[in-house]
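So the structure is just underneath, and the comments pick up after that.
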């Protein structure tokens, strides 16, 4: 009787989830840098659409303690990229990186919900670049959940 060959399932999605998170973090960083440059220069040619960027980026809600909100976004996206880079090299980062990214992105999504609420109901203007950032952090959050679930399944 022939022995049956045992097939092992290998998770081919892990690299894709990793790289998707990295690419979206780069896009989020670039978007947040653009918003910071706009905030610092006030260049009206940088605002696209209906002018909502100006109303949002120069509202009292665009800063926390005098620090532009976009700096917090830049910091969050760069920390996510740093964690991803460390996951490849450092064992503790590989084990805890997905959880850390989940926590950062959860805070980012919650803050984005708050800022979107302010845009719609308080400022009455929508900044398309802020929407891009909110979408980016939401996708990172979804990817972080998937990575966590896959990590705990292994």
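We did not get these values from a lab; they are worked out from the coordinates using the rules stated. Because the structure is predicted, anything quoted here is derived from the model rather than measured.
Observations on the structure shown:
- Summarising the overall dimensions of the chain from its C-alpha atoms, the Rg and Dmax are 19.2, 78 angstrom.
- Prolate/oblate/rounded call for the stretch 68-115, Cα gyration tensor, a/c under 1.5 rounded: oblate
- Centre-to-centre separation between the Cα atoms of the stretch 51-101 and those of the stretch 102-139: 12 Å.
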